[in-house]
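Reviewing the structure listed below.
The values are calculated or read from the model by the stated rules, or taken from the named source; none is laboratory data. Keep in mind it's a predicted model, so treat the numbers as computed, not measured. Every residue, glycine among them, receives a Cβ derived from its backbone with ideal geometry; neighbour counts consider all protein chains shown. Note: areas computed on protein heavy atoms with side chains; ligands, DNA, RNA excluded. Shrake-Rupley method; radii C 1.70, N 1.55, O 1.52, S 1.80 Å.
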Amino acid sequence: MHLDPLAIITAFGLIFLAELPDKTMFASLAMGTRMRPLYVWFGTSSAFIVHVAIAVGAGSLIGLLPDWTVKLVSASLFAFGAFILLRGSGGDDGDETEVKTVTGFWPVYSTAFMAVFISEWGDLTQITTANLAASNGTWSTAIGSAAALMSVSALALLAGKFIAKRVPLKTVQRIGGICMLGLAIWTAVEIFTG
């Protein structure tokens, strides 16, 4: 098992920025106001870990392809991610649904786990994690991605109202989109220079 600190930081930064304006952050915030935040965090974190495992497994399979093919797929996925982030939220603002008050560890954990597990399928962060795993290594990507997702959930639970009032989510989306666009261009250039 080889861990690359730069790959961990890259995965953390990209996934953190991509997840911050996502509906899952708002779901965590909403659940945290009605349920015990630590229990919610355990549930959301467990769901994120399962999704990261699935994504890095898919990325490892992509990594078996020839190098130029992997770079082409990576550049395309980064460009797609940049497009999604730069085009706007696409209606995520109204996705908050009424959450029934739940008490006790297992009911809260199960509710939080299922809410995230179901909503994250095919999400931008899952696609980005698979993409990063294909080019930057499985374990480094898994650690960086899981840490980012768990951090966003904790941030939403601890300081969600502060973030919503002080940092415009459009700004976070634009920064994430520009980073992904830069990575798409860099990866595309590597196809011809590598």
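The set of residues in segment 30-40 that are surrounded by 22 or more Cβ atoms within 10 Å (Cβ to Cβ) and of a type outside the set (Gly, Ala, Ser) comprises Met31, Met35, Tyr39, Val40.
So which residues in segment 15-48 are closer than 15 Å to Leu124 by Cβ, among the aliphatic types (A, V, I, L, M) and not in a helix (DSSP H, G or I)? Matches in segment 15-48: Leu20 only. Inclusion of Phe12 among residues that are part of a helix (DSSP H, G or I) and open to solvent by 70 Å² or more (accessible area, probe 1.4 Å) is warranted. Of all the numbered requirements in (1) more than 18 Å from Ile118 (Cβ to Cβ); (2) at pLDDT below 85, Met35 misses one, and that requirement is (1). Contact map, segment 54-65: first residue under 18 Å from Met1 (Cα atoms), second residue modelled with pLDDT under 75 and open to solvent by less than 30 Å² (accessible area, probe 1.4 Å), Cβ cut-off under 6 Å, separation 6 or more or different chains; the map is empty. Looking at segment 49-85 only, could you name the residues that are open to solvent by 40 Å² or more (accessible area, probe 1.4 Å) and not in a helix (DSSP H, G or I)? Across segment 49-85, the qualifying residues are Leu64, Leu65, Pro66. Please determine, by comparing only the residues of segment 120-146 that are part of a helix (DSSP H, G or I) and open to solvent by 40 Å² or more (accessible area, probe 1.4 Å), which one is nearest to Ala75 (Cα to Cα). Out of the qualifying residues, it is Ser135.
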